[in-house]
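Report on the following structure.
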Amino acid sequence: MKFTLSFTVVFSCVICYLLAPNIQIHNTDTVVKVILLFIGGMLVTGSANAINQAVEKDTDALMKRTAKRPVANGRMSQQEAFIFAFVAGAIGVGIMYVVFNLESALLSAFSLFLYAYIYTPLKKVNSIAVLVGAFPGALPCLIGWVAATGLVSPFGELEVNGVTYSNFAGWALFGIQFLWQFPHFWAIAWVAHGDYSKAGFKLLPTDKGPTKFTALQAIMYSVLMVPVGLLPYKYHISGQISLGIVLVCNVLMVVQCLRLYKDMDVKAARRVMFSSYIYLPIVLLALLFDKVSA
């Protein structure tokens, strides 16, 4: 299931669920639903990751960082992996439908399909796979929000205690995680370029490997994160404290990407990678702790 990766994905889903204005954080019912959301999310994400490992059995075996995965080293057969993925995915989507709503269940199923059957095979075809993969990578934020509100359209509105909220707030959370993935993933691809090339994966913006163009792309998306990071405050999800924290985190990400462009080495790419790992939990937790109550 790639537990660490799945946990990170579900973490963002749960935080965005709790950020919805109609959810009372200090509530027994909320605690129960958060647990069920976590279980359902882990099953759906784990299903997508299991399919990914089953499909990439041979290429995983070629790379040092993935050679010990259960399907790649023969501890589990492809058939067993697909059976596990089907059962986990079905139960996970079922939990989203029964406990929450149809909209979040459909988004969960769509995210699973997009990651496992579009993004996964596309990695060997073209670097546009990174763009495609950014959608299922960011959808957990929207899934958590929709699980709470039942609203998908960005033009929808939610009324809580006489206060009207724009559903675009949920899409703003999606946007933060969507843009974050580009510098994050390109930094990983920079560090693991040798392994990825050996497996035939095309994940950097150019076929020439780590270049100035890759660094420029990372800078561009990190800069775009700055205005998008202001939207939770604009749409009254969170307050001024989190606004300041998010702004500082965004500026630091831009700085690290600029250093990558300047230094053009693996050390600088690792700085971007580790900065991105720290960025997401800090930003999401800051938004949650500074949530504006209706």
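Can you tell me, using C-alpha contacts under 8 Å and at least 6 residues apart, the relative contact order of the range 56-171 as a whole percent?
Relative contact order comes out at 16 percent.
Name the long-range amide H neighbours of VAL160: under 5 Å, sequence gap of 5 or more, or other chain; modelled H, no Pro or chain starts.
When sequence neighbours closer than 5 places are left aside, the close amide H contacts are TYR165.
Kirkwood hydrodynamic radius for the range 1-126: how many Å is it when counted over pairs of different Cα atoms?
15.4
With only alpha-carbon pairs counted, each pair once and no self-pairs, how large is the Kirkwood hydrodynamic radius of the range 33-95 in angstroms?
Hydrodynamic radius (Kirkwood, Cα pairs) of the range 33-95 is 12.0 Å.
Counting only residues 5 or more places away or on other chains, whose amide H sits under 5 Å from the amide H of SER238 once H atoms are built in the peptide plane?
TYR233, VAL292
At a probe size of 1.4 Å, how large is the accessible area of HIS236, to the nearest 10 Å²?
Result for HIS236: roughly 110 Å² accessible.
Could you sort out which of LYS64/LYS198; LYS2/LYS267; LYS57/LYS267 sit more than 19 Å apart by Cα distance in this structure?
LYS2/LYS267; LYS57/LYS267, as the Cα separations exceed 19 Å there.
Just to compare against my own numbers: the Cα pair-distance distribution for the range 159-251, 5 Å bins, whole % per bin, please.
Answer for the range 159-251: a P(r) of 3, 13, 19, 17, 13, 11, 9, 7, 4, 2, 1, 0 percent.
Given a cut-off of under 8 Å on Cα pairs at least six residues apart, what relative contact order in percent is computed for the chain?
With pairs under 8 Å counted, the relative contact order is 19 percent.
About the Cα centre, and with charges only on the beta carbon of Lys, Arg (+1) and Asp, Glu (-1), how big is the dipole of the chain? Nearest 20 debye, please.
Its charge dipole is roughly 1080 debye.
Can you give me the Cα centroid spacing of the range 38-85 and the range 196-259 in angstrom?
Computed from Cα coordinates, the inter-centre distance equals 29 Å.
I'd like the accessible area for TYR196, computed on protein heavy atoms only with a 1.4 Å probe and all protein chains in place. Round to 10 Å², please.
Solvent-accessible area, nearest 10 Å²: 20 Å².
Rounded to a whole number, what % of the accessible area of the range 1-125 do carbon and sulfur atoms account for, probe 1.4 Å?
69
When a/c is below 1.5 the answer is rounded, else prolate if a/b is larger than b/c, else oblate, so apply that to the chain with a ≥ b ≥ c taken from the square roots of the Cα gyration tensor eigenvalues.
Oblate is the answer for the chain, as a/c is 1.5 or above yet b/c matches or exceeds a/b.
The values are calculated or read from the model by the stated rules, or taken from the named source; none is laboratory data. A quick note: this is a predicted structure, and the numbers were derived from the prediction, not measured. Backbone-built Cβ (ideal geometry, glycine too); neighbour counts: all protein chains shown. Please note that ligands, DNA and RNA were not included when accessible areas were found on the heavy atoms of the full protein model with its side chains. Shrake-Rupley method; radii C 1.70, N 1.55, O 1.52, S 1.80 Å.
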